[in-house]
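*Asks:* Below you'll find the structure I mean.
The values are calculated or read from the model by the stated rules, or taken from the named source; none is laboratory data. Quick caveat: nothing in here was measured; it's all calculated off a predicted structure. As a convention, Cβ positions derive from the backbone with ideal geometry for all residues, glycine included, and neighbour counts pool all protein chains shown.
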Amino acid sequence: MPSWDATRTGATVSGEGKGKDVEEFAALLRRLKARTDRSYSQLARRLNMNASTLHRYCVGEAVPLDFAPVERFAALCGATPEERLELHRYWILAVAARQRRRDAGVTGAPVAGAAEGVVEGPVPDVAEPPVAVADDAREPAAARSPRYRRRLTLTAAAVCTVLAVWGSLSAVSTHDTATSRTGVRTGVRTNTGATAKTSPSALPAPLTWTADSQVWEIGCDHDYVIDKAPKDVPPPPVQQDAGPWAATQHAVHGGQTDVEISVQGRTSTAVVLKALRVRVVGRTAPAPGTAYSMARGCGGDISPRYFGVDLDAHRPLVRPEPGGDMGKTVPAVHLPYRVSATDPEVLLVKARAGTCDCRWYLELDWSSQGRTGTLRIDDHGEPFRTSSIKGLPHYWYGEHGWTPIG
């Protein structure tokens, strides 16, 4: 059971939504924020989002379609696995409640985000108005440009599937999930232990981490290389189902792999993240097949800050790159950086391959209280894999199925 004292309403996805689900979801967010001493602006900077957007989520004026920013927010606030599971349940209920209100012709807080599989029917472009944020760094009032135009669908079976998958991921475990023959993983890797180089007693590292390689650009755009004809490839999944979908298709990341790494200390003692390196352990000719784009009319003006890697370089380096939010620059993350149990960090690495089928992993150096060590960040014990799509047939999924691009 979660540690917070959340009021239960007994609402379900199929019940009558009158705002209670949205209110409870927002209340859980506020309880988590209350655990920290950070303002909305401070939290938003760590989450690569606009402070006013985060404020709207926390007061129930908007509900994110994508659960990923909610999960990062929960990690930043130190939520337990049980609390994250409860938060995910109320997020589903809140999104469903908004859809019922829309179907009934009731205006209310818009659903904001970029994930599929939640709302039925076309989502109109919504201009996001400025919101007064009661903290030390208010966002300037400015007209918000449209973010996404999507066609999304919610079914009871989909909700049950998401809950089941999230429940398994939220369990406290270090077991690896299933893998495909091409090395595309079906879940998020959790690592709770590594050995410090200078520790004679082989003590575990003072920090934990998770790595998710199934991250798409702005939640909706990604390429996979699949050695199958278009008629034999099913429609693209939503991002949260990308791992199982890619595994069943024996897919390889095409052109770019985005890896989201969440790092958190075990205690309140600070751990310094000193350096991030890439190790390319194999380069071969690009994988054969066809490039399939997961993009289905998505678009937006948010680009998170990240670490860029050119896998084609003779000696590839990890370079910090800035992001953007509504026309404003989001400063790049520069190491060294401090983390602790109450101060986690999410690092996004974008590794690109233009000429090779590359296999690689990352090394993260850390130090704490006289100890030093290096974490190997990989894909369930195996290297990540990224293959060039240059010269391959390229398809996207439209109204009539897979259609050539260009």
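*Asks:* Only residues that are acidic (Asp, Glu) and part of a strand (DSSP E or B): list them for segment 359-396, please.
*Replies:* Of the residues in segment 359-396, the ones acidic (Asp, Glu) are 363, 365, 378-379, 382.
363, 365, 379, 382 - these are the residues of segment 359-396 that are acidic (Asp, Glu) and part of a strand (DSSP E or B).
*Asks:* Go through segment 38-95 and give me each residue that's farther than 14 Å from residue 260 by Cβ and of a type in the set (Lys, Arg).
*Replies:* Listed by number, the residues that qualify are 38, 45, 56, 84, 89.
*Asks:* Can I ask one more? Which residues, taken from segment 33-57, are buried (at least 21 other Cβ atoms within 10 Å of the Cβ) and either of a type in the set (Gly, Ala, Ser) or in contact (Cβ under 8 Å) with a residue 24 or more places away in the chain (or both)?
*Replies:* Hits for segment 33-57 are 40, 43, 44, 49, 50, 51, 52, 53, 55, 56, 57.
*Asks:* Right, something else. Assuming residue 275 fulfils every condition listed in (1) under 18 Å from residue 207 (Cα atoms); (2) buried (at least 16 other Cβ atoms within 10 Å of the Cβ) apart from one, which condition is it?
*Replies:* (2)
*Asks:* Still on this structure: Specify which of the listed residues (330, 309, 280, 339) is of a type in the set (A, V, I, L, M), touching a residue at least 12 places away in the same chain (Cβ under 8 Å) and closer than 21 Å to residue 208 by Cα. It would help to see each step written out before you state the result.
*Replies:* Numbers: 330 fails: closer than 21 Å to residue 208 by Cα; 309 fails: closer than 21 Å to residue 208 by Cα; 280 fails: closer than 21 Å to residue 208 by Cα.
Answer to the check: 339.
*Asks:* Within segment 236-272, which residues are in a strand (DSSP E or B), of a type in the set (A, V, I, L, M) and surrounded by 21 or more Cβ atoms within 10 Å (Cβ to Cβ)? Before the answer, list the steps.
*Replies:* Just the residues of segment 236-272 that are in a strand (DSSP E or B), to begin with: 252-254, 256-265, 271-272.
Among the residues that remain, those that are also of a type in the set (A, V, I, L, M) are: 252, 259, 261, 263, 271-272.
Matches in segment 236-272: 252, 259, 261, 263, 271.
*Asks:* Moving on to the next point. Going through segment 247-263 one residue at a time, which ones are over 14 Å from residue 379 (Cα atoms), more than 16 Å from the chain's Cα centre (by Cα) and among the hydrophobic types (A, V, I, L, M, F, W, C)?
*Replies:* Within segment 247-263, 251 is the sole residue that qualifies.
*Asks:* Related question: Determine, yes or no, whether residue 336 is touching a Pro at 6+ places or on another chain (Cβ under 7 Å) and over 17 Å from residue 279 (Cβ atoms). Let's see the steps before the verdict.
*Replies:* On the way: touching a Pro at 6+ places or on another chain (Cβ under 7 Å): no; over 17 Å from residue 279 (Cβ atoms): yes.
In short, no.
*Asks:* Could you say which residue among 378, 365 is surrounded by 15 or more Cβ atoms within 10 Å (Cβ to Cβ) and more than 21 Å from the chain's Cα centre (by Cα)?
*Replies:* Working: 378 fails: more than 21 Å from the chain's Cα centre (by Cα).
The conditions single out 365.
*Asks:* Is there a residue being among the β-branched types (Val, Ile, Thr) and over 24 Å from residue 352 (Cβ atoms) anywhere in segment 215-233? Can you show your working first?
*Replies:* So the first thing to find is which residues in segment 215-233 are among the β-branched types (Val, Ile, Thr), and the list is 215, 218, 225-226, 233.
Okay, now just the ones that are also over 24 Å from residue 352 (Cβ atoms), so none.
Taking every residue of segment 215-233 in turn, none turns out to be among the β-branched types (Val, Ile, Thr) and over 24 Å from residue 352 (Cβ atoms).
*Asks:* Give me the pairs, please: first residue somewhere in segment 242-255 and free of Cβ contacts under 8 Å to residues at least 24 places away in the same chain, second residue anywhere and part of a loop (DSSP other than H, G, I, E, B), beta-carbon distance under 7 Å, and either six or more positions apart or on two chains.
*Replies:* Qualifying pairs under 7 Å: 245/237.
*Asks:* Let me ask another. Filter segment 21-65 for residues that are of a type in the set (Lys, Arg) and in contact with an Asp or Glu (Cβ under 9 Å, 6 or more places away or on another chain); which is farthest from residue 322 (Cα to Cα)? Walk me through how you get there before you give the answer.
*Replies:* Our first condition is that a residue be of a type in the set (Lys, Arg); within segment 21-65, this holds for 30-31, 33, 35, 38, 45-46, 56.
Still in the running and in contact with an Asp or Glu (Cβ under 9 Å, 6 or more places away or on another chain): 31, 38, 46, 56.
Numbers: 31: 31, 38: 22, 46: 13, 56: 25 Å.
For segment 21-65, the residue satisfying everything is 31.
*Asks:* Moving to a separate point now. Against the condition part of a strand (DSSP E or B), at pLDDT 95 or above, within 19 Å of the chain's Cα centre (by Cα) and assigned by TED's automatic domain parsing to the domain that holds residue 228, how does residue 346 come out, does it pass? Lay out the reasoning, then the answer.
*Replies:* Details: part of a strand (DSSP E or B): yes; at pLDDT 95 or above: no; within 19 Å of the chain's Cα centre (by Cα): yes; assigned by TED's automatic domain parsing to the domain that holds residue 228: yes.
No, not satisfied.
*Asks:* Follow-up. Given (1) over 29 Å from residue 306 (Cβ atoms); (2) in a helix (DSSP H, G or I), identify the lone condition not met by residue 60.
*Replies:* Going through (1) over 29 Å from residue 306 (Cβ atoms); (2) in a helix (DSSP H, G or I) one by one, residue 60 breaks only (2).
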